[in-house]
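S.K.: First the structure, then my questions, so here it is.
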Amino acid sequence: MEGVLCKLKFDKQGLIPAIVVDHKQGDVLMLGYMSRESLEKTLAEGYTCFWSRSRQKLWTKGETSGHKQKVLEIVADCDYDALLVRVEQVGGTACHTGQRSCFHNLIMGEEGVHSG
């Protein structure tokens, strides 16, 4: 496992973007950033752990809400500078606003640019 982790390209802040998707439906639930430490914790414990850029500390998804993300697979992109994390979303919602996905603010759809 150490060999694969050494291939990952963390940015200047020591972070790598992690796109989290629902393993059954395939929908994008959220985008988080992982440090090497949070990735290692994710791998060891089996639940997503991120680096909170606003709080400047490790943050395990669902630690206060109970809406944890059980990790089923982690895949690096072709450049090893982004991760795709397939999860089982426990508790139904991934977004702190109560929405299933953090991606719920429509900008453009089939009818063009959204005016709202």
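S.K.: Go through the range 18-41 and count every residue that is free of Cβ contacts under 8 Å to residues at least 12 places away in the same chain and among the polar types (S, T, N, Q).
M.R.: Within the range 18-41, residues that are free of Cβ contacts under 8 Å to residues at least 12 places away in the same chain and among the polar types (S, T, N, Q) number 1.
S.K.: Which condition number does E88 fail, the rest of (1) within 23 Å of L8 (Cβ to Cβ); (2) modelled with pLDDT of 95 or more being met?
M.R.: Only one criterion is unmet by E88, namely (1).
S.K.: Also, I was wondering about something else. If you go through the range 50-109 one residue at a time, how many are in contact (Cβ under 8 Å) with a residue 40 or more places away in the chain and of a type in the set (F, W, Y)?
M.R.: Here the count works out to 2.
S.K.: Which residues, counting only those in the range 44-90, are in contact with a Lys or Arg (Cβ under 9 Å, 6 or more places away or on another chain), open to solvent by 40 Å² or more (accessible area, probe 1.4 Å) and among the aromatic types (F, W, Y)?
M.R.: Answer for the range 44-90, where residues must be in contact with a Lys or Arg (Cβ under 9 Å, 6 or more places away or on another chain), open to solvent by 40 Å² or more (accessible area, probe 1.4 Å) and among the aromatic types (F, W, Y): Y47, W51, Y80.
Here's the yes/no breakdown for (1) out of contact with any Pro (no Cβ under 8 Å at 6 or more places or on another chain); (2) charged (D, E, K, R):
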site: L58; (1), (2): yes, no
site: S65; (1), (2): yes, no
site: L83; (1), (2): no, no
site: E88; (1), (2): yes, yes
site: G91; (1), (2): yes, no
site: T97; (1), (2): yes, no
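S.K.: Return the residue satisfying two criteria in turn: it lies in the range 1-43 and is among the acidic types (D, E) and surrounded by 12 or more Cβ atoms within 10 Å (Cβ to Cβ), and of such residues it is nearest to the chain's Cα centre (by Cα). Steps first, answer last, please.
M.R.: We begin by selecting, within the range 1-43, every residue among the acidic types (D, E); these are 2, 11, 22, 27, 37, 40.
Restricting the remaining residues to those that are surrounded by 12 or more Cβ atoms within 10 Å (Cβ to Cβ) gives 22, 27, 37, 40.
On the way: D22: 10, D27: 12, E37: 15, E40: 14 Å.
Ranking the qualifying residues of the range 1-43, first place goes to D22.
The values are calculated or read from the model by the stated rules, or taken from the named source; none is laboratory data. Quantities reported herein were computed from a predicted structural model and do not represent experimental measurements. Methodologically, a virtual Cβ is constructed for each residue, glycine included, from the backbone with ideal geometry; neighbour enumeration extends over all protein chains shown. What goes into the accessible areas is simple: the full protein's heavy atoms, side chains included, and nothing from ligands, DNA or RNA. Shrake-Rupley method; radii C 1.70, N 1.55, O 1.52, S 1.80 Å.
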